[in-house]
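*Asks:* I'd like to ask some things about the structure below.
The values are calculated or read from the model by the stated rules, or taken from the named source; none is laboratory data. Remember, it's a predicted structure, so these values are computed and weren't measured experimentally. In this analysis, Cβ positions are derived from the backbone assuming ideal geometry, glycine residues included, and neighbour counts consider all displayed protein chains. These area figures cover heavy atoms from the full protein model, side chains too; ligands, DNA and RNA do not enter into them. Shrake-Rupley method; radii C 1.70, N 1.55, O 1.52, S 1.80 Å.
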Amino acid sequence: MNGQATAALGNETLEEMESVVVRFAGDSGDGMQLTGTQFSVATALEGSDLSTFPDFPAEIRAPVGTTFGVSAFQINFGSVEVSTAGDAPDVLVAMNPAALKVNIANLKQGGLVLVDESAFNAKNLSKAGYEANPLEDGSLGAFRVEKIDISKMTLEAVKEFGLGNKDALRCKNMWTLGLVLWMFGRKRQPIIDWLNEKFAKKPEVADANIAALNAGHAYGETVEISGNIRQCHVGKFQEEPGEYRTVNGNQALSWGLLAGSQLADLQLVLGSYPITPASPLLHTLSGLKDFGVVTFQAEDEIAAVCGAIGASFAGGLGITSSSGPGIALKTEAIGLAISTELPLVIVDIQRAGPSTGLPTKTEQSDLFQAVWGRNGDAPLVVLSTSSSADCFEVGVEAVRLATKYMTPVIVLSDGYIANAAEPWKIPDVDEFEPFPVKFHTEKEGFHPFLRDPETLARVWAKPGTEGLMHRIGGIEKSYDSGHISYDPENHQKMTDTRRLKIGGIANDIPEQEVSTGVKGGKLAVVGWGSTRGAIHQAVQKARTEGHDVSHIHIRNIWPLPRNLEELLKSYDKVIVAEMNVGQLNTLLKSQYLLDTTSLSKVTGQPFKIAEIEEAIHKALGAGK
């Protein structure tokens, strides 16, 4: 826990904490994601800044009690700026031995472990790979361990509601949540309201869960404990005035794409095929039919993207979503969209690969695929989201560029951003400048590859418009007529035109800014995507220590910002931090001949602030 002090409230003296990291961990059937989410809601309502990290297994249902089935939810919250889910938990809630074994290595020295001691029986210990009970063998001596028979207390709390033993034990996550709510002064009422709504048709289940929640809270209030569990106070974070809600990346990106379609005055049509971690985009947009959104779950990835291309051909905004393996299957059709020069937004929620890889773990290894991963010279726009809240603006910008330049746009997010939640100031959509599409209607001299002389975008004529009958396809077209052409010089001209069109977009995007620090100096740490929070915190800390280091975070992956080369060359050294084996680093070297240093991580877990700090100190030759 950071920033410790004391605060006197009534007759009690509470520890005052600037920020706290709590990790809930248990079997995938223990409801840890739900527990963490509801604690996040209660925390957001108290006005704390927060960032979350749901960390769950890929298996639909791994064997109970095994390390393969451990599901965890981490939240970092505080009265200060929070931009990551935290390096190491201050508090670890472990519902069984497997959860303890998987997560104990990350707990801070002296951190608090809350365990359900009834789960530490011989069978569960064996499944988790323990030869001896860690609650008894002294191996947890570096931590404060609080052993509580959560299962027994839960059964006692809910026995009056007549649930079977199995259903009654399902309430133990609410008992645990009640205790943690007490520890940090969070209110129970929002959780109670949610339980009553969720189980409106099963009031006995709602009542049992509420009773368990209250019992856990009462345990913290009334039981004399050894001193391991203490009530702490975490104050409010002073946000900008406005209306806020918690949002994860997939939600914000869905809403941003919808907002973009409305600003373009187009109907949004999403063609998708389910894949982790991109499926929630389909779920979210399918619930927005009141805004004219059309969604369809295709039979495969190829059908999904082709359906989206068809929607764009017909005068709608075609969008398709997937993760790396699905984007690979869509590749030929994306080339078709480039050849036909139709607007198309392709959302890639990256995950660890290759192939199936680690489908529920995060990575940034699709950059090469997005920028260069097609046959032929097939340029398109690539944008990157950097946080859950940032996804909204990126969604709007993707639609603007796709429609203005008649091009596919790939939006790169990742599993961390997709699932992580943070407070989001709800924007006033009236402040966004509309960019309504103007369909071509002039008959005279029409052919489908007439171009705007400034943007080089071809005209967009809706099928069925009188006098504008036309055909487009994947075979090369004549620059002067739009007809099929095999002429060598024409192919050179069309290839150059498509390249120049995308390259010219650099003049229509903002110049690259310095996120933290100043232009020029000894060191810049460059990042993209979900590395933003960790880099920001590390650079900010290093600057407070007097080090000459700045942070540059790139949203426009292709084309790159027009001033980026000059900016990067104003630093003596450049570190490129990314969750792959150096893809952005290679891209920057190829474009600017920079002597950069790659900081690579491919563990399926986000960067820790300390990892960035270590790289900064090493580059500057400074001791920590």
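*Asks:* Please work out if ARG230 is in contact (Cβ under 8 Å) with a residue 24 or more places away in the chain, assigned to a strand (DSSP E or B) and surrounded by fewer than 22 Cβ atoms within 10 Å (Cβ to Cβ).
*Replies:* No.
*Asks:* Could you give every pair whose Cβ atoms fall below 6 Å, whose first residue belongs to region 570-591 and is touching a residue at least 60 places away in the same chain (Cβ under 8 Å), and whose second residue is assigned to a strand (DSSP E or B) and aliphatic (A, V, I, L, M), counting only separations of at least 6 or pairs across chains?
*Replies:* Final answer for the pair search is LEU584/VAL576.
*Asks:* Condition (residue is open to solvent by 50 Å² or more (accessible area, probe 1.4 Å) and either at pLDDT below 95 or within 25 Å of ILE349 (Cβ to Cβ) (or both)) applied to region 516-531: is it met by at least one residue?
*Replies:* No, the conditions are met nowhere in region 516-531.
*Asks:* Among the residues that make up region 172-195, is at least one of them within 18 Å of LYS159 (Cβ to Cβ), in a helix (DSSP H, G or I), over 28 Å from the mean Cα position of the chain (by Cα) and not small (Gly, Ala, Ser)?
*Replies:* For region 172-195, residues within 18 Å of LYS159 (Cβ to Cβ), in a helix (DSSP H, G or I), over 28 Å from the mean Cα position of the chain (by Cα) and not small (Gly, Ala, Ser): present.
*Asks:* Follow-up. Are there helices (runs of 4 or more DSSP H) fully within region 533-624 with at least 1 residues that are within 20 Å of the chain's Cα centre (by Cα) and modelled with pLDDT of 95 or more? List them.
*Replies:* Result: 583-592, 609-620.
*Asks:* Please determine whether any residue of region 422-433 is touching a Lys or Arg at 6+ places or on another chain (Cβ under 7 Å) and aromatic (Phe, Trp, Tyr).
*Replies:* yes
*Asks:* Further, regarding this structure: Pairs under 7 Å by beta carbon, first residue β-branched (Val, Ile, Thr) in region 455-471, partner in a loop (DSSP other than H, G, I, E, B), six or more apart or different chains?
*Replies:* Listed pairs, sorted by first residue: VAL459/HIS440; VAL459/PRO448; VAL459/LEU450; THR465/THR441.
*Asks:* Could you check how many residues of region 249-272 are open to solvent by less than 10 Å² (accessible area, probe 1.4 Å), farther than 18 Å from GLU433 by Cβ and not in a strand (DSSP E or B)?
*Replies:* Residues in region 249-272 being open to solvent by less than 10 Å² (accessible area, probe 1.4 Å), farther than 18 Å from GLU433 by Cβ and not in a strand (DSSP E or B): 5 in total.
*Asks:* Now for a different question. Would you check which residues across region 104-139 are polar (S, T, N, Q), open to solvent by 30 Å² or more (accessible area, probe 1.4 Å) and outside any helix (DSSP H, G or I) and list them?
*Replies:* The answer is GLN109, ASN121, SER139.
*Asks:* Can you give me the number of residues within region 336-377 that are out of contact with any strand residue (DSSP E or B) (no Cβ under 9 Å at 6 or more places or on another chain), closer than 18 Å to PRO559 by Cα and small (Gly, Ala, Ser)?
*Replies:* Count: 2.
*Asks:* Need a quick list: strands (runs of 3 or more DSSP E) entirely within region 37-103 having at least 1 residues that are farther than 14 Å from ASN419 by Cα and of a type in the set (A, V, I, L, M).
*Replies:* In region 37-103, 70-78, 91-94 are the strands (runs of 3 or more DSSP E) which contain 1 or more residues that are farther than 14 Å from ASN419 by Cα and of a type in the set (A, V, I, L, M).
*Asks:* Of everything in region 60-81 that's touching a helix residue (DSSP H, G or I) at 6+ places or on another chain (Cβ under 6 Å) and surrounded by fewer than 24 Cβ atoms within 10 Å (Cβ to Cβ), which residue is nearest to ALA534 (Cα to Cα)?
*Replies:* THR67
*Asks:* Can you spot a residue in region 471-478 that is more than 26 Å from ASP348 (Cα to Cα), polar (S, T, N, Q) and at pLDDT 95 or above?
*Replies:* Yes, region 471-478 has at least one match.
*Asks:* With respect to ALA311, determine if the residue is over 19 Å from VAL437 (Cβ atoms) and in a helix (DSSP H, G or I).
*Replies:* It is false that ALA311 is over 19 Å from VAL437 (Cβ atoms) and in a helix (DSSP H, G or I).
*Asks:* Name every residue in region 460-475 that is open to solvent by 30 Å² or more (accessible area, probe 1.4 Å) and either touching a strand residue (DSSP E or B) at 6+ places or on another chain (Cβ under 8 Å) or under 26 Å from ASN507 (Cβ atoms) (or both), in order of residue number.
*Replies:* Listed by number, the list holds a single entry, ILE475.
*Asks:* Filter region 392-433 for residues that are assigned to a loop (DSSP other than H, G, I, E, B) and touching a Leu at 6+ places or on another chain (Cβ under 7 Å) and give the result.
*Replies:* Scanning region 392-433 gives MET406, THR407, PHE432.
*Asks:* For region 476-490, name all the residues that are surrounded by 15 or more Cβ atoms within 10 Å (Cβ to Cβ) and either assigned to a helix (DSSP H, G or I) or out of contact with any strand residue (DSSP E or B) (no Cβ under 9 Å at 6 or more places or on another chain) (or both).
*Replies:* ASN490
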